[in-house]
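K.L.:
Got a structure for you, written out below as structure tokens; questions coming shortly.
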Amino acid sequence: MNKIRMIQPTRKIGKKKQAYHGVGWRFSYPGNFLIWGILVVTMGLVLTPLAFMVVSSVMPYREVMRIPFRWIPTSFHWQNYWQAIRGNDGSFIYLRNILNSFFVASMVTLTTVFISAMAGYGLAKLPFRGRNLVFILIMATMMVPFEAIMIPLYLIVTKFGWQDSYIGLIIPLMVNAFGIFLMRQFLISFPDAVIDSARIEGASEFRIFWNIVLPNAIPAVVALGILTFRQQWDNLIWPLLITQSEEMKTIPLYIVRFNSEKYTNEGALMAVAMIASLPIIILFFSMARYFTGGLTISGMKD
Amino acid sequence: MKYNSRRGSLGKYKAIGGWIFVAPALFYFALFSFYPIINAFYTSTLQKDILSLQPPKFIGLENYVYLFRSEDFWKSAEATAVFTLGCFIPLATVSLLLAVFIYSRSKPFQNFLQMAYFSPAILSTVAAAVVWLLVFDPRGLANQWVNFIANTPGIDHKWLALSHMVRFSTVIIYFWKYIGYFTIIYFAGLSNIPRTYYEAAKVDGASSWTQFWSITLPLVKPTIVLVSIIAMIQCMRTFSTQYLFTESGAATEPINVITLNIYRTAMRDRYIGRASAMSIVLFFIILIFSWLQLKVSKTEKISYI
């Protein structure tokens with residue numbers, strides 16, 4: 001129960017707390033100022049590299065590496081972004097790689113959410129013999145780190161001839177046990193009466209799932225979706241193993257490549273990093289509640 | 001539940017439905033989780049080269065014997081251990097402190113500070129590593145700031161060249177990236193502590209230090225253990241930062257963590273058997289910690305009532 005409550009937007013939890021505020025636990029005055037000091041300084045340190053990325057993405061490279069570094073650019077050098085997209089060789093391959101990342105991450109997110117919701121519903125609401133065993137088996141896969149099975153997965157995927165293709169990029173990441181766990185925990189408190197009445201009305205099991213259960217599991221679906229998308233957007237190791245051609249590479253691989261190219265200028269490199277981070281930043285600012293909401297329950301997942 | 005319809009009892013009907021709903025996931029895991037791990041066990045007993053057409057040769061446990069004798073593997077294990085220890089201890093402690101500090105602020109600041117500390121986590125790992133490469137550049141911010149604070153103008157601290165400094169640099173990046181993540185987990189743990197305990201302590205005249213020491217810490221202990229294990233497992237699985245560092249010319253040996261070593265052994269040296277044996281070792285280490293995590297997350301929370 002506890003876990004389910006945490007998935008709700010944090011705002012809700014906050015409201016409850018506010019009522020108690022003022023009678024709670026406070027530090028004494030000198031301590032209070034010290035703590036503000038520590039918080040502000042550490043926050044500054046944490047935000048510095050981000051600010052560095054943003055500022056130097058519009059700087060000519062001479063200014064990026066200037067000693068001492070000047071935080072205000074003398075002129076806005078938007079050409080960096082053009083160069084980031086164009087690439088050092090003028091091939092515009094970055095655009096293709098961005099599309100690849102979008103496609104792969106969205107497909108993986110869709111399948112993860114859908115299959116996890118299905119399995120979660122089955123495990124939470126439809127008793128069958130061996131259900132606990134199935135649940136334990138699925139949970140056991142959470143203990144298998146991807147890094148330990150990547151070589152056999154690579155062998156399997158090459159055996160099917162899927163290397164350097166979208167199907168090879170997507171298939172081994174299609175579901176994860178954590179998603180199933182999350183959906184099951186969320187759905188276990190769903191009222192049985194609603195499901196039963198739908199069943200009496202003659203709705204098929206799939207109809208119940210699609211029209212009744214899924215719309216009511218939106219918070220869990222969104223949290224899982226964001227988590228999965230972010231994870232796949234970030235994924236370096238699997239595309240690194242499986243892709244060979246530049247056309248099939250994803251954003252992290254492009255960054256690695258752009259970084260090691262001889263004619264790369266630092267400003268353009270930061271522009272590449274900015275572009276790579278932008279979709280997740282937008283997602284973060286539009287759905288911050290779900291971001292942190294998913295995190296608190298996600299605990300056990302990268 | 002005894003309920004007769006044309007399709008037989010409702011229980012049976014539900015059971016069939018249950019199997020149908022679970023089947024895709026089960027099928028998927030059989031193929032892409034259980035089979036690979038079994039396959040890894042099997043492959044680890046073979047002498048196998050990806051590119052060679054010859055059938056792989058069965059050599060029993062020789063790959064493991066080789067690993068435990070090779071200096072390279074032990075250095076990797078050391079690199080992983082140093083990275084893990086260097087990362088998870090500061091992560092687990094500093095984020096607790098930050099969470100406690102943030103928790104004592106007023107509501108709007110709480111939200112703002114949590115978001116601010118969390119913000120590095122929204123950068124993709126590789127993008128973050130690229131930014132830090134520039135910060136650690138000899139002309140970069142790291143040198144400038146350290147020199148400014150220590151008042152040692154013009155000294156290059158060789159963040160990416162000296163072996164202990166490269167390790168330190170990777171730890172800094174990881175720490176920076178995940179500090180907000182764990183702060184939020186702790187924050188959730190702290191908000192579950194009933195306020196009444198603090199009120200009672202205040203009435204009894206306990207200082208904020210005593211309150212922290214005898215209320216917060218014992219009650220947040222399960223979260224501490226959980227966070228430590230999660231952080232440990234995550235640190236053991238680190239790959240991207242180290243990969244990017246080695247690709248951009250940093251010394252490989254000190255940051256050749258096990259995951260990176262698996263990748264290099266399999267893809268560059270093409271010793272699939274050896275890489276699988278290493279995967280199995282990594283699997284068992286992480287299995288132990290995951291099992292611990294499961295144990296811990298199931299244990300009852302301490303209660304004062």
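The values are calculated or read from the model by the stated rules, or taken from the named source; none is laboratory data. Since this is a predicted model, take the numbers as computed values, not measurements. Cβ coordinates were reconstructed from backbone atoms using ideal geometry, including for glycine residues, and neighbour counts include every protein chain displayed.
K.L.:
For region A:35-53, name all the residues that are surrounded by fewer than 14 Cβ atoms within 10 Å (Cβ to Cβ) and either within 10 Å of chain B (Cβ to nearest Cβ) or closer than 18 Å to B:VAL131 by Cα (or both).
P.N.:
Within region A:35-53, A:ILE38, A:VAL40, A:GLY44, A:LEU45, A:ALA51 meet the criteria.
K.L.:
Suppose the filter is part of a helix (DSSP H, G or I), aliphatic (A, V, I, L, M), buried (at least 20 other Cβ atoms within 10 Å of the Cβ) and under 20 Å from the mean Cα position of the chain (by Cα); does A:ALA148 pass it?
P.N.:
no
K.L.:
Which condition breaks for A:ALA271 when tested against (1) more than 10 Å from chain B (Cβ to nearest Cβ); (2) farther than 24 Å from A:MET53 by Cα?
P.N.:
(2)
K.L.:
Search region B:156-188 for residues being small (Gly, Ala, Ser) and more than 9 Å from chain A (Cβ to nearest Cβ), and hand back the single one that is farthest from the chain's Cα centre (by Cα).
P.N.:
That would be B:ALA161.
K.L.:
Which condition number does A:ALA140 fail, the rest of (1) of a type outside the set (Lys, Arg); (2) in a helix (DSSP H, G or I); (3) in contact (Cβ under 8 Å) with a residue 40 or more places away in the chain being met?
P.N.:
(3)
K.L.:
Continuing with this model, one more query. Is it the case that A:ASN211 is at pLDDT 90 or above, of a type outside the set (Asp, Glu) and buried (at least 21 other Cβ atoms within 10 Å of the Cβ)?
P.N.:
no
K.L.:
So, of the residues in region B:259-305 that are modelled with pLDDT under 85 and more than 21 Å from the chain's Cα centre (by Cα), which turns out to be nearest to B:ILE38 (Cα to Cα)?
P.N.:
Filtering first and then ranking leaves B:THR299.
K.L.:
Tell me, which helices (runs of 4 or more DSSP H) wholly within region A:166-226 include 3 or more residues that are free of Cβ contacts under 8 Å to residues at least 24 places away in the same chain?
P.N.:
A:192-200
K.L.:
For the subset of region B:56-77 comprising residues that are more than 25 Å from the chain's Cα centre (by Cα) and within 14 Å of chain A (Cβ to nearest Cβ), which member is farthest from B:THR252 (Cα to Cα)?
P.N.:
B:PRO56
K.L.:
Considering only region A:181-199, I want to know if a residue exists there that is among the hydrophobic types (A, V, I, L, M, F, W, C) and facing chain B (nearest Cβ under 9 Å).
P.N.:
Within region A:181-199, none of the residues are among the hydrophobic types (A, V, I, L, M, F, W, C) and facing chain B (nearest Cβ under 9 Å).
K.L.:
Which of the residues spanning region A:200-235 are aliphatic (A, V, I, L, M), under 13 Å from the mean Cα position of the chain (by Cα) and within 14 Å of chain B (Cβ to nearest Cβ)?
P.N.:
A:ALA223, A:LEU224, A:ILE226, A:LEU227
K.L.:
Let me ask another. So which residues in region B:237-260 are assigned to a helix (DSSP H, G or I), more than 8 Å from every other protein chain (Cβ to nearest Cβ) and surrounded by fewer than 24 Cβ atoms within 10 Å (Cβ to Cβ)?
P.N.:
Those that are assigned to a helix (DSSP H, G or I), more than 8 Å from every other protein chain (Cβ to nearest Cβ) and surrounded by fewer than 24 Cβ atoms within 10 Å (Cβ to Cβ): B:THR246, B:GLU253, B:PRO254.
K.L.:
Let me ask something additional. Return the residue satisfying two criteria in turn: it lies in region B:38-54 and is part of a helix (DSSP H, G or I) and crowded, with 19+ Cβ neighbours inside 10 Å, and of such residues it is farthest from the other protein chains (Cβ to nearest Cβ).
P.N.:
B:THR43
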